[in-house]
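Novice: Handing you a structure now.
Just so it is clear, none of the values below were taken in a lab; they were calculated from the coordinates. Fair warning: this is a prediction, and the values are worked out from it, not measured in the lab. Heads up, the Cβs are rebuilt from the backbone with ideal geometry, glycines too, and the neighbour counts pull from every protein chain shown.
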């Protein structure tokens with residue numbers, strides 16, 4: 001058990017309550033005639049029960065300190081860059097989004113020099129475009145370049 | 001004799017230019033993935049999957065399977081040379097492999113790892129060839145209650161054998177079941193938890209989930225950490241082990257192969273636990289247990305053979321019962337479903353070219369790996385010199401393109417991103433992803449069989465205990481749940497101490 005188990009336990013209890021509620025709106029049915037909400041309802045009930053045990057043990061039992069949350073700056077930046085890629089891909093198109101994505105990671109996260117970051121980003125995005133777009137014929141969005 | 005006819009048919013599939021090419025690409029990429037830290041077989045298979053949609057299922061499966069057992073070969077290289085396991089199944093190889101390398105014996109360590117893997121891989125394939133059809137014909141006797149109980153057993157065994165807290169593993173399995181129910185209900189066609197989001201109507205795809213949980217989350221964790229890699233600078237010579245090395249390694253390889261295969265057949269066991277058990281067993285059987293951890297070749301030979309045998313053994317329940325033993329097999333099961341093939345007892349009858357082609361390809365793949373692996377070691381050492389800061393953006397890009405290409409839909413990319421962040425948080429809070437993935441795959445099948453059983457029995461749960469096979473599976477499940485309470489759960493760390 002670690003200290004954060006108290007809060008993850010609580011989170012999953014709330015989550016399971018929500019799923020129980022949503023499942024009952026779908027209709028749980030009976031054991032003889034299970035309806036659409038039957039399986040998620042009982043699965044979330046199980047999750048809720050297990051989370052309750054976790055939370056209880058974490059509050060009552062001996063707990064160890066959880067891992068520290070320092071050094072997560074890069075993790076947050078990279079995950080935001082990934083989300084940015086997903087949101088911009090259709091609009092900007094594959095080539096530009098890939099270039100910006102690699103440039104951002106190399107420059108902002110890895111702190112490489114501008115010239116190196118830009119040339120590596122150009123090379124990687126061109127190589128991916130040739131392999132996936134031209135050779136494997138993956139339907140990559142052209143975005144603003146295709147208009 | 002049926003097995004012999006089958007394997008001849010399989011060789012006819014694989015010994016063509018196309019079959020050989022797919023097998024080669026699979027094992028080569030597998031070795032590369034094994035060498036590269038930060039990307040495991042499950043994520044790699046999910047990356048490669050979209051590129052296989054335009055080819056036939058047999059060739060695709062040959063390539064994806066080659067990738068899995070290729071990883072087992074490649075993983076040992078980094079463990080021995082850099083003391084960083086390329087993937088989790090090679091953690092144990094670090095203990096003695098790296099020590100051997102430091103003593104100037106990297107060559108024999110790499111050599112025995114490759115030769116032991118080859119032997120074990122071959123033993124595993126022979127076992128798979130005979131056991132899978134046998135189990136499949138037995139499984140034809142299963143009805144819905146038996147399947148339900150078998151799946152419950154698989155999931156409880158996964159949680160029982162998980163490395164962390166079993167309670168948390170069970171929570172993840174329950175969460176996986178809930179996530180598996182997203183999409184249209186199979187009976188009533190009612191949308192469940194879709195919130196008018198189109199990408200959720202067909203359910204959450206296994207591929208973006210695996211890419212997120214095993215690929216993205218690994219990178220998110222590594223970008224925050226500094227990775228020191230001290231690559232061996234001395235030249236690697238004398239790859240062939242000496243006569244004494246052979247004498248010391250022969251029995252560990254044989255034992256590792258058998259142990260690995262049989263543990264691989266059990267649902268819930270991946271190669272990681274098996275290699276720890278093999279290492280523990282060799283240490284206990286050795287006349288010089290004190291040498292373990294200081295460069296004992298037995299400590300490399302046994303676990304390396306074991307992880308390859310597990311890889312073959314894992315295919316038995318997946319191909320014959322349609323039950324995946326771990327996340328990688330769940331991924332392959334998902335791949336078969338995408339190709340329109342239902343794994344399970346009828347697979348051998350209905351798609352013999354897939355089943356026997358796959359088995360024959362494993363023989364061929366193991367030979368290819370043996371020939372490939374030793375001469376390519378200098379190349380893998382060069383690959384290891386690529387800085388992680390350059391490598392991970394490229395891996396991320398592969399994941400992004402892979403998830404997008406599934407359905408040319410940005411929704412899959414967002415799902416992958418979500419599970420990447422979720423997987424990172426799971427690691428921080430010490431939850432394991434494997435039970436979630438397994439439950440996500442098994443969930444819809446489990447629900448179908450549960451509902452069918454209840455309809456047959458008119459809502460009476462005794463149907464699960466009135467049938468002998470079903471009750472046997474449930475007893476095993478119950479034991480897996482009760483053993484930890486009685487403190488009978490094996491502790492992996494103790495095995496290696």
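Novice: Which order do B:415, B:463, B:359 fall in if you start with the one that has the fewest other Cβ atoms within 10 Å?
Specialist: Result, fewest neighbours first: B:463, B:415, B:359.
Novice: Arranged by the count of other C-beta atoms within 10 angstrom, fewest first, what order do B:306, B:399 take?
Specialist: Placing the least packed residue first, the sequence is B:399, B:306.
Novice: Obtain the nm distance between the two label points defined at residue A:49 and residue B:201 by a simple spin-label model: each point lies 7 Å from its Cα along the Cα-to-C-beta direction.
Specialist: Inter-label distance under the simple model: 3.6 nm.
Novice: What whole-number distance in Å separates the alpha-carbon centres of the range B:275-339 and the range B:356-425?
Specialist: Spelled out, the Cα-based centre of one part sits 20 Å from the other.
Novice: Can you tell me the relative contact order of the range A:73-146? Whole percent, Cα pairs under 8 Å, sequence separation 6 or more.
Specialist: Computed over the range A:73-146, the figure is 41 percent.
Novice: Gain in length, residue B:448 to residue B:466, computed as 0.36 nm per residue apart minus the alpha-carbon separation, to one decimal in nm?
Specialist: 4.5 nm
Novice: Here's something else I'd like to know. Over the range B:1-123, what is the relative contact order in percent, taking alpha-carbon pairs closer than 8 angstrom and at least six residues apart?
Specialist: Contact order relative to length: 24 percent.
Novice: Let me ask something else. What length, rounded to one decimal in nm, is gained on full extension from residue B:367 through to residue B:20, with 0.36 nm per residue of separation minus their alpha-carbon distance?
Specialist: The residue B:367-residue B:20 span can extend by a further 123.8 nm.
Novice: Using 0.36 nm per residue of separation minus the Cα-Cα distance, give me the extension gain between residue A:22 and residue A:7 in nm, one decimal.
Specialist: 3.1 nm
Novice: Within 10 Å of each Cβ of A:46-57, how many other protein chain Cβ atoms are there on average?
Specialist: 4
Novice: Follow-up. Calculate the length of the line joining the C-alpha centroid of the range A:6-74 to that of the range B:85-115, in whole Å.
Specialist: Using only Cα atoms to place each centre, the spacing works out to 42 Å.
Novice: Got a sec? How would B:190, B:385, B:287 order by Cβ neighbour count within 10 Å, fewest to most?
Specialist: The most exposed by this proxy come first: B:287, B:385, B:190.
Novice: In the range B:343-383, whose amide N lies under 14 Å from the spot 7 Å out along Cα-to-Cβ of residue B:2? List them in ranges.
Specialist: In the range B:343-383, the label zone of residue B:2 (backbone N under 14 Å from the point 7 Å along Cα→Cβ) covers B:345-352, B:356.
Novice: So if we plug the beta-carbon distance of residue A:115 and residue B:425 into 1/(1 + (r/R0)^6) with R0 = 30 Å, what FRET efficiency do we get, rounded to 0.05?
Specialist: 0.25
Novice: FRET efficiency for residue B:53 and residue A:65, Cβ-Cβ distance as r, R0 = 45 Å, nearest 0.05?
Specialist: 0.45
Novice: Right, next: If I take every Cα pair under 8 Å that is 6 or more residues apart in chain A, average their sequence separation and divide by the length, what percent do I get for the relative contact order?
Specialist: 22
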